[in-house]
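Student: A single structure is presented below for examination.
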Amino acid sequence: MQLLKKIGIEKSTNVTKFILIGFRNPQQLQFLLFSLFLLIYMIILAGNILIVVLVIKDKHLHTPMYFFLGNFSFIETCYSSTVLPKALISLQTGDRFISFQLCFIQHYFFASLGAVECYLLSVMSYDRYLAICHPLHYANKMNGKFCLQLVGSSFLSGFLAISTTIALLSSLDFCGPNEINHFFCDVFPLIELSCSDTHLLKILIYLISFLFTVPPFLLTVISYGCIISAVLKITSSSSRQKAFSTCSSHLIVVTLFYGTITIVYILPNTDTLRNLNKVFSVFYAVLTPMINPLVYSLRNNEVKKALRKHMCQLFIYLLSLLTKLCRSMCKDPPHFAS
């Protein structure tokens, strides 16, 4: 509740709870959708947490590129965890209620982490641009202090911007109804429930959404454009093909993430798009956090090498524990009462 007081969610309202309608799927599909979301969430957690652990433990991955990847995986874990647990509970138990305060907290962290991710994607593309297009100056420019500043500014910008919008959002009156036409507390479905004048707020949200998506996206596209131009000058066909494969995979994920966010938050909220927004939201809130570890990290040779090394170390450690246990049991066999 202290967070709510700080960002201003202490307004009297007739609404104390919201109902997350979700996908309006038939009852017989509830279990199928629950199983699918649970599987995706497990993959997200396993993949991203594994990358974070590898980046922390393996000294060969203590470079700017993997520092950004580790932070990116951490964000993806938190980002999906703001939405999927509640969605899974709703699908499993049928309880679609969420309190007024928790709804705003969910939106605050989801939107803030999404904004951070937009900027961190552009930071990662800029890092690759320096490494490929200016390799001689890379070590001096991308030093430890500058890396921390880039990540810190991404977090600070994302959370400060969403603090502004959520403070304005929480100043609205909610008189009822209380059914949110979404599977999580998103900004436009919340605004639709308000009985206040939301015209200026919508303009502000469109403006902030534009600032947090278009400039980072353009920086990312320009960086990869320069990278592709540099790759075309590589004489080795195998190296050129490998570089193109990596760039194309990154661009597919970036386009999927930014494209769906643009449709949901920047394009006019027409009746047609309103019905499709939940589907587009699944792409950037659920599917991209699952795909990103595979595209950005687990296809990387250095990461795969570190993974194999630590898996072998874990296997040897478990084997030694099992050997010690067997020896202990052989020396002192258990006695059973007759």
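The values are calculated or read from the model by the stated rules, or taken from the named source; none is laboratory data. Note that the structure is predicted; figures quoted are calculated from it, not measured. A quick note on method: Cβ atoms are made from the backbone with ideal geometry, for glycine too, and the neighbour counts reach across all protein chains shown. Heads up: the accessible areas ignore ligands, DNA and RNA and are worked out on the full protein's heavy atoms, side chains in. Shrake-Rupley method; radii C 1.70, N 1.55, O 1.52, S 1.80 Å.
Student: Taking the Cα centre of the stretch 87-185 as the origin and placing charges on Cβ (Lys, Arg +1; Asp, Glu -1), which of N181, V116, Q92 is farthest toward the positive end of the dipole?
Tutor: So the residue we want is V116.
Student: On a full-extension model of 0.36 nm per residue, what is the gain between S153 and L319, subtracting their alpha-carbon distance, rounded to one decimal in nm?
Tutor: 55.3 nm
Student: Mind pulling up the Rg/Rh value for the stretch 91-138? Radius of gyration and Kirkwood radius, both on Cα.
Tutor: With Rh from the inverse mean 1/r over Cα pairs, Rg/Rh is 1.39.
Student: Now for a separate question. Counting only C-alpha contacts under 8 Å and six or more residues apart, can you give the relative contact order of the stretch 37-161 as a whole percent?
Tutor: Relative contact order, the stretch 37-161: 29 percent.
Student: Then there's this: Compute the semi-axes of the equivalent ellipsoid of the chain, taking the square root of 5 times each eigenvalue of the Cα gyration tensor, and list them largest first in whole Å.
Tutor: Details: eigenvalues 290, 201, 69 Å².
Each semi-axis is √(5λ); the values are 38, 32, 19 Å.
Student: At 1.4 Å probe radius, can you tell me the per residue accessible area of the stretch 11-110 in Å²?
Tutor: Values: 4870 Å² over 100 residues.
The answer is 49 Å² per residue.
Student: Let me ask something additional. From the helices alone, meaning DSSP H stretches of at least four residues, give me the mean residue ellipticity at 222 nm for the chain, per-run term -39500 (n - 2.57), in deg cm²/dmol to the nearest 500. List each step's numbers first, then the result.
Tutor: Numbers: 13 runs with 245 residues, N = 338.
That calculation yields -24500 deg cm²/dmol at 222 nm.
Student: Whole number in Å², please: accessible area per residue of the stretch 135-213, 1.4 Å probe, ligands, DNA and RNA not counted.
Tutor: Per-residue value: 49 Å².
Student: Carbon and sulfur: what percent of the chain's accessible surface (1.4 Å probe)?
Tutor: Its accessible area is 68 percent carbon and sulfur atoms.
Student: For the chain, give the magnitude of the charge dipole about the Cα centre (Cβ charges: +1 Lys/Arg, -1 Asp/Glu; no others), in debye to the nearest 20.
Tutor: Dipole magnitude for the chain comes out near 1320 debye.
Student: Let me ask you something else. May I have the convex hull volume per residue, in Å³, for the Cα set of the stretch 73-180?
Tutor: In the stretch 73-180, the Cα convex hull volume per residue is 114 Å³.
Student: Any idea what the relative contact order of the chain is, in percent, if you count C-alpha pairs under 8 Å spaced at least 6 apart?
Tutor: 25
Student: In debye, nearest 20: dipole of the stretch 125-244 around its Cα centre with unit charges on the Cβ of K, R (+) and D, E (-)?
Tutor: For the stretch 125-244, the charge dipole is close to 1040 debye.
Student: At a 4.7 angstrom Cβ threshold, list every cysteine in the chain that has nobody to pair with, or say none.
Tutor: Result for the chain is C78, C118, C133, C147, C226, C247, C312, C326, C330, no neighbouring Cys Cβ within the cutoff.
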